[in-house]
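First up is the structure itself, then whatever we jot down about it.
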Amino acid sequence: MNKKSILLIIVLLIYALITFVIMMHHEIWGDEAQAWLVSRDLDFAGIIKHVRTEGHPLLWYFVILPFAKLNLPVVSMKIINWLIVLAGAGIFMWKAPFSIFSKISVLISSAFLYWFPALARSYCLVPLLLFLLAAFYKKQKEHPYLYAVLVILLAQTHVIMFAFCCALFVLFVLENRKKEFVFSSVIIFCGLLSVFLYLCGSRAENSIVQSYHNGFSPELLNLIYKNVVFNIYNSVSVFYTVIFTAFCTFCAVLLFIKDRKLLFVWAFHHLYQFFIFVFIWGIIAQRAYTLLFVSLFCLWIIYEKFETKISKIVINTFISLTFLATLPACANIITRDWIFTFSDGKNAAEFIKNNIPENAFIMTNTPVTTAAISVYLPADKWKFYNPKYNSYYTFAVWNKGIPNPTDPLPVKEKTDKYKTIYVIMSGSYFAGKQPFYQSNDDVMLIQEKYYIYKIGDKNSNGK
């Protein structure tokens with residue numbers, strides 16, 4: 001084993017240890033819990049029917065499905081997520097053509113140290129599949145079916161990657177017109193079409209998407225751009241805006257010079273993603289980072305076309321600077337997650353199990369955030385009731401609307417029916433009433449801070 005391989009192994013082992021500690025310390029919150037609960041509490045047909053309303057493809061739900069159905073602790077989802085990100089990091093470190101310093105710079109960015117390995121969501125699949133595609137890109141003629149499967153799987157990770165995969169499909173068809181590639185092209189087309197047909201029309205079934213602003217203006221586009229920079233660097237200062245703009249411009253220029261077909265892929269993804277941000281969905285760090293990952297993919301493909309040493313030094317410098325600049329944001333979010341409680345769902349669930357009867361009537365003001373509690377409760381016990389749903393639930397159902405946390409709850413109506421009821425509040429609380437349980441003030445996300453009231457019992461302060 002050569003020195004380079006030994007160095008890569010050491011770097012990956014250190015990376016694995018650091019991210020494992022960060023991941024295990026992070027508390028699961030509502031968005032992470034949602035996928036686990038859907039996979040745990042619905043049958044196969046129910047999962048397919050429900051996930052469409054979330055506006056997501058199905059791959060992540062199917063990845064965690066066996067573990068959720070076995071009723072394993074939800075920490076298993078965190079470990080699966082971490083292993084997937086670790087695999088993506090390993091492929092990048094071993095297969096990417098960039099310098100060791102550039103690779104380490106990417107590895108210690110806030111994306112690879114925190115957002116992807118710590119938060120268990122479908123985004124963890126993006127770097128793994130994207131880097132696998134980059135590794136096989138120049139071998140697509142030798143392994144067309146493997147390449148086709150990777151494109152389809154990447155399209156199934158998140159709607160944010162759909163346009164990128166469509167653009168890769170167009171390039172695949174243009175560059176592989178011989179008869180032996182027809183079937184693999186058909187496979188990609190059918191895979192992409194299945195994602196489109198599955199999600200087509202789902203906007204009308206998702207209350208959050210329906211409530212999203214859908215008007216275009218130059219001011220809005222400028223705001224979107226600033227939000228992208230903010231989600232990557234945790235700041236919209238001139239310094240970070242210049243770094244992000246310079247990197248995007250640099251990538252565009254290099255692709256224009258070396259591979260204009262790949263420039264189409266890069267530009268199509270960026271334009272599509274901004275379209276999503278303007279009309280469909282908000283910006284979070286993982287979505288913003290796919291812009292940088294797609295840029296890495298493109299630079300990976302054209303890297304060997306630059307024969308001079310100075311050209312490669314410039315490319316590596318841009319990559320290193322762009323990702324190293326996220327270190328302040330990385331330190332900030334990791335420190336905050338370490339000091340504060342990201343979500344109080346686990347503590348609230350333990351309190352419920354120890355202090356509230358299994359058959360108690362428990363009403364909540366919003367299902368969007370209480371998923372972080374339900375994920376730590378058994379599937380068949382302590383289900384919650386929401387007045388807007390007019391039913392019991394464990395996870396949010398987006399086509400039933402978004403309950404307003406400040407809307408009044410029909411407490412009197414329910415106390416007439418039940419001797420004692422319990423009310424879980426998040427995002428608001430009952431003024432003047434003593435909670436049965438209250439989250440500590442160190443909870444990082446205010447919507448994941450819970451107040452539990454016991455109402456109707458003569459001995460209860462919550463009456």
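Tabulated data
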read-out	value
Residue tally, condition loosely packed, with under 11 Cβ neighbours inside 10 Å and in a helix (DSSP H, G or I), over the range 169-183	3
Odd one out for Ile362, checked against (1) surrounded by 17 or more Cβ atoms within 10 Å (Cβ to Cβ); (2) more than 30 Å from Ile455 (Cα to Cα); (3) over 24 Å from the mean Cα position of the chain (by Cα)	(2)
Among the residues listed as Glu448, Glu350, Glu358, the single one being of a type in the set (Asp, Glu) and more than 18 Å from Trp29 (Cα to Cα)	Glu358
Selected residue (criterion: surrounded by the most Cβ atoms within 10 Å (Cβ to Cβ)) from residues of the range 126-164 that are without any contact (Cβ under 8 Å) to a residue 24 or more places away in the chain and either farther than 21 Å from Gly90 by Cα or polar (S, T, N, Q) (or both)	His143
Members of the range 348-369 found to be polar (S, T, N, Q) and either touching a Phe, Trp or Tyr at 6+ places or on another chain (Cβ under 6 Å) or not assigned by TED's automatic domain parsing to the domain that holds Asn386 (or both), listed by number	Thr364
Residue among Ala96, Ala68, Ala89 that alone is more than 20 Å from the chain's Cα centre (by Cα) and of a type in the set (A, V, I, L, M)	Ala96
The range 32-57 - residue that is farther than 23 Å from Lys381 by Cβ and buried (at least 18 other Cβ atoms within 10 Å of the Cβ) and, of those, nearest to the chain's Cα centre (by Cα)	His56
Any hit, the range 274-293, residues being in contact with a Phe, Trp or Tyr (Cβ under 6 Å, 6 or more places away or on another chain), polar (S, T, N, Q), assigned by TED's automatic domain parsing to the domain that holds Thr157 and under 23 Å from Phe116 (Cβ atoms)	yes
Strands (runs of 3 or more DSSP E) (entirely within the range 368-455) containing at least 2 residues that are surrounded by fewer than 18 Cβ atoms within 10 Å (Cβ to Cβ) and without any contact (Cβ under 8 Å) to a residue 40 or more places away in the chain	391-393
Qualifying position, being touching a Cys at 6+ places or on another chain (Cβ under 6 Å), aromatic (Phe, Trp, Tyr) and in the same structural domain as Ser295 (by TED's automatic domain parsing), among Phe172, Phe116, Phe136	Phe116
Pairs, first in contact (Cβ under 8 Å) with a residue 40 or more places away in the chain in the range 239-254, second of a type outside the set (Lys, Arg) and not in a helix (DSSP H, G or I), C-beta under 7 Å, six or more apart	Tyr240/Ala325; Ile243/Ala325
Flag if Ile28 is among the β-branched types (Val, Ile, Thr) and surrounded by fewer than 22 Cβ atoms within 10 Å (Cβ to Cβ)	no
Test set (1) more than 27 Å from Ile104 (Cβ to Cβ); (2) out of contact with any Phe, Trp or Tyr (no Cβ under 9 Å at 6 or more places or on another chain) - Ser343 fails condition number	(2)
Residue within the range 409-420 that is of a type in the set (A, V, I, L, M, F, W, C), closer than 25 Å to Thr53 by Cβ, at pLDDT 90 or above and in contact with a Pro (Cβ under 9 Å, 6 or more places away or on another chain) present	no
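The values are calculated or read from the model by the stated rules, or taken from the named source; none is laboratory data. Predicted model only: the values in this text are computed from it and were never measured. Please note: Cβ atoms are built from the backbone with ideal geometry, for glycine as well, and neighbour counts cover all protein chains shown.
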